[in-house]
Amino acid sequence: MLPRRQFVQQLSALTLGTTLLPKVGLSHASTAKVYTVTGAIDASELGTCLTHEHIMSNFGGERSYDPNYDVSALKAQVIPYLKKIKSLGVDSILDCTTAYFGRDVQLLRELSEESELYLITNTGYYGAANDRYVPEHAYEESAEQLAERWVAEFERGIDGTDIRPGFIKIAADGGEVSKIDQKLMRAALKTSRDTNLTIACHTGNNPAVPQLALQLMEEESTEPQRWIWTHAHQMNTADELLKMAQQGLWISLDGLRTNESYGARNHKVINHHVQLLQTLKDGGLLAQVLISHDGNSFPRGGAIRPYEAIFTRFIPLLKKNGFTTEEIDQLLQVNPQRAFAIS
Ligand SMILES: [Zn+2]
């Protein structure tokens, strides 16, 4: 890892020159910051950051705003696991569980305090999985109205707490981008324009989504660096990823969850991530890439889907393939801070 001062210098050099002025009536310090569930921190304090995990979720279950977790079972499983993750060198985790399939910001705050990890929650709605987690009102309201709800979570806090989202999470289905998914994308861009929050859009192997996002950005006056192509590792080749990274979008290779029961599949998954990363590096685009596992420490009350292979398997493999410590720090420290800092 870089010495702290050198790291902060590198970060500020990278964020200088951007014009991300807040447009809402919040008091912002002059430094770049990130909102965690325990309050605002300097972006540099994110340290080593996992940008796409699920601390807990009810994904696969019925849509419900109230997650109704078995809190004591959850804490018994999740807190020791978070402590283990911290011992691997992780400082912060973005929780990608949205409202209507398990977001619980007060519980996240308790988990953060007990594990001493920074946790970051989100605003937005999940439009993938055939829209099963999109609430009724999203069909009736305009993109502007949805954006007002999400901006209000940023300005006033979520669920009557003072906990703010640190990013916007949306999702789109495969194929031609549906009307509701387009509306969620537009609402996310409006929210980003008003808050400077970055959008993580579950996309997978559908390049039509980032292509449309680039068009909508022009209409909504937002910048490509505020958009993440989430689950981009689901593409077979890096061709589209290179194109979109060149346009300034973030590329998230976040499928590094492994499990002993997956057997040989683990190898295939990890090697695919190495290959995509190598191609992006050869294209001079490592500064546009985020890596994570999409793990889950409490998936509908089930067994942990681990988020640790980056440290136990992926980094050793990257080093074997010629990646330097600086390049690895770029992926896990510098890039997350550039991607999610609000100046
Ligand atoms: Zn996910």
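Once the cut-off is 25 Å, how many percent of the Cα-Cα pairs in the chain end up in the long-distance tail?
48 percent
Would you mind checking K268/K320; K281/K320; K243/K320; K86/K319 for any pair whose Cα atoms are more than 18 angstrom apart?
In this structure, K243/K320; K86/K319 lie more than 18 Å apart at Cα.
At 7 Å along the Cα-to-beta-carbon direction for both Q225 and E141, put a label point, then send me their distance in nm to one decimal.
3.0 nm
Computing the accessible area with a 1.4 Å probe over protein heavy atoms, can you report the carbon and sulfur percentage for region 44-340?
Numbers: 4880 of 11080 Å².
Answer for region 44-340 is 44 percent, counting heavy atoms of protein chains only.
Could you give me D for region 194-343, from Stokes-Einstein at 25 °C and 0.890 mPa s, where the hydrodynamic radius is the Kirkwood radius over C-alpha pairs? Units µm² s⁻¹, please.
153 µm²/s
How much of the DSSP beta bridge set in region 44-340 is antiparallel, as a percent to the nearest 5?
Rounded to the nearest five, the antiparallel share is 5 percent.
Only Cα pairs under 8 Å and at least 6 apart count here; give the relative contact order of region 211-343 as a rounded whole percent. Let's see the in-between values first.
On the way: 157 pairs, mean separation 30.2, N = 133.
Contact order relative to length: 23 percent.
Relative contact order for region 78-119: what percent, with Cα pairs under 8 Å and sequence separation of 6 or more?
Over region 78-119, the number comes to 60 percent.
Once each part is reduced to its C-alpha centroid, what is the distance from region 104-139 to region 219-274 in angstrom?
Taking the Cα centre of region 219-274 as reference, the centre of region 104-139 is 21 Å away.
Going by average Cβ neighbours within 10 Å, how do the peptides 235-242, 332-339 rank, with the highest at the top?
Packing proxy ranking, top to bottom: 332-339, 235-242.
Contact order normalised by length for region 44-340, with contacts defined as Cα pairs under 8 Å and 6 or more residues apart; what percent is it? Walk me through the intermediate numbers first.
Details: 558 pairs, mean separation 60.3, N = 297.
For region 44-340, the relative contact order is 20 percent.
Rounded if a/c is under 1.5, else prolate if a/b beats b/c, else oblate: with a ≥ b ≥ c from the C-alpha gyration tensor eigenvalues square-rooted, which is region 263-338?
Prolate is the answer for region 263-338, as a/c is 1.5 or above and a/b outweighs b/c.
The values are calculated or read from the model by the stated rules, or taken from the named source; none is laboratory data. In this text the structure is predicted, and so the values were computed from the model without any measurement. Glycine gets a Cβ as well: all are built from the backbone with ideal geometry, and neighbour counts include every protein chain shown. We work out accessible area using only protein heavy atoms, side chains counted, and drop any ligands, DNA or RNA first. Shrake-Rupley method; radii C 1.70, N 1.55, O 1.52, S 1.80 Å.
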